[in-house]
Amino acid sequence: MNKIEIAKGVYNVGAVDWDMRDFHGFTTNRGVTYNSYLIVDEKVCLIDTVKAPFAAENIERISEIIDPTKIDYVITNHVEPDHSSGLPALMQKAPQAKVVVTANGKTEVLKHYQQEYDFMVVKEGDVLDLGKNKLHFVPLPMVHWPDSMVTYLDGEQILFSSDSFGQHICTSKRFDDENDLDKVMYEAAKYYANILMPLGKTVSKAVDKTAQMPLKMIATGHGIIWRSYIDKIVAKYKEWSSGQTKDKVVIAYDSMWGSTEKMARCILDGVAATGVAVKLYKMSDSDRSEVVMEMLDAGGILLGSPTLHNGMLATMGALLIYLKGLKPANKLAAAFGAYGWAGGAQKDMEELLKTAGVSLTEGVTLKWVPDKDEMDACFNFGKEFGQKVLERNQKP
Ligand code: FEO
């Protein structure tokens, strides 16, 4: 990616990690970008750096525009290493620069990099005059870490939004309207579900603050920059962070000798008979990050596993541990599965579902292989579950 002037005197000098496929457990099939922005005004300011292996690229792009010794401020919106681990290399080239952070950010930078930079600690409402434009600082703790903040450039009306509104997608085209919007929105939803889902309340406050700013651009920390579909992505964030759900059920299961799979398909038919949309994923063949994205707006989730060694299959355990951290909001959930001489999988799944914060309802199990009556029972179970999802969504 070459440097790109996104507005007068504002450049994207970040890096594109085309090969990145696993972002701490989030599968990133379209790669990851680490966006870093240089503002050349009467004062020179860098918004975020990049992940350490890309620091040389970041510095090279900056150097094509301006000598790094001219940088006055390095704004560190977020200390997570995908945005800040390039800071030590950058500061070697720009030792005169002040590092602008929140109070939590200063603590985190010191612990991560063990360097006493010339820190400038900012809080809500603080303003930095760059000359023609001013930068306004808006701390947003827990969107995504305690240090997190966003920065607003008033003249050009650009919000440097750090992790919010991002997507893990690599493309040589850097703006929303230059790309397939459906693909970008898909990646934005996947990103929200896998990174921000447990932080819905704090994200909701961030969305309210964003809605008050006149915006020509949202320059994200990851992925494409929003300029033509700002209203669309802000509306989606409002919807996702509110925990609003649809008449939709996601069934995620795994199977050993086919019985739990037969159950899953009968249950699916039962849910579908109520008119509720339903999706089915076999976890040994599915992308966990995509399944979680589908759960984001689903009113119900059903998890199935046969019993192996008195417990659930490891594939289901991995999904449930992930869900326990993500705390999906407003979901009705149940567990199902087949067992042989003794059960155990359903209990394992139910315990983890409870810790994930869902509303648990009674599930269904059967011994060995489903017969005709048991297949009917699974269909009816799916039908009742679908009805319950409809009733919950109708409640004000
Ligand atoms: Fe993109 Fe929370 O780091």
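The values are calculated or read from the model by the stated rules, or taken from the named source; none is laboratory data. Source: prediction; values computed, not measured. Don't worry about glycine lacking a Cβ; one is built from the backbone with ideal geometry, like all the others, and counts go over all protein chains shown.
Where the second residue is within 16 Å of the ligand (Cβ to nearest atom) and charged (D, E, K, R) and the first is under 24 Å from I4 (Cα atoms) and in the same structural domain as V203 (by TED's automatic domain parsing) and lies in the range 222-245, which pairs have Cβ atoms under 6 Å and are six or more apart or on separate chains?
The qualifying pairs do not exist here.
Out of V138, V127, report the one residue that is more than 30 Å from T27 (Cβ to Cβ), of a type in the set (A, V, I, L, M) and either within 16 Å of the ligand (Cβ to nearest atom) or within 22 Å of the chain's Cα centre (by Cα) (or both).
V138
What residue, among those in the range 204-223 that are at pLDDT 95 or above and within 16 Å of the ligand (Cβ to nearest atom), is farthest from D17 (Cα to Cα)?
Here the answer is I218.
Consider E290 carefully, then state whether it is over 22 Å from the mean Cα position of the chain (by Cα) and either in a helix (DSSP H, G or I) or modelled with pLDDT under 95 (or both).
It is false that E290 is over 22 Å from the mean Cα position of the chain (by Cα) and either in a helix (DSSP H, G or I) or modelled with pLDDT under 95 (or both).
Would you call H83 closer than 22 Å to L153 by Cα, in a loop (DSSP other than H, G, I, E, B), in contact with a strand residue (DSSP E or B) (Cβ under 9 Å, 6 or more places away or on another chain) and in contact (Cβ under 8 Å) with a residue 24 or more places away in the chain?
no
Within the group V121, V143, which residue is touching a strand residue (DSSP E or B) at 6+ places or on another chain (Cβ under 9 Å) and within 13 Å of the ligand (Cβ to nearest atom)?
Exactly one residue qualifies, and that residue is V143.
Could you please tell me which pairs satisfy a Cβ distance under 6 Å, a separation of 6+ or placement on different chains, a first residue in the range 154-173 that is of a type in the set (D, E), and a second residue that is in a loop (DSSP other than H, G, I, E, B) and within 11 Å of the ligand (Cβ to nearest atom)?
Listed by first residue and then by second, the contacts come to D163/H144; D163/G221.
For residues that are part of a loop (DSSP other than H, G, I, E, B) and of a type in the set (G, A, S), scanning just the range 91-144, find the one that is nearest to L196 (Cα to Cα).
Among those that are part of a loop (DSSP other than H, G, I, E, B) and of a type in the set (G, A, S), it is G125.
If M213 satisfies all but one of (1) of a type in the set (A, V, I, L, M); (2) surrounded by 24 or more Cβ atoms within 10 Å (Cβ to Cβ); (3) more than 18 Å from W240 (Cβ to Cβ), what's the number of the condition it fails?
Only one criterion is unmet by M213, namely (2).
Does any residue of the range 313-332 turn out to be over 18 Å from the mean Cα position of the chain (by Cα) and assigned to a strand (DSSP E or B)?
yes
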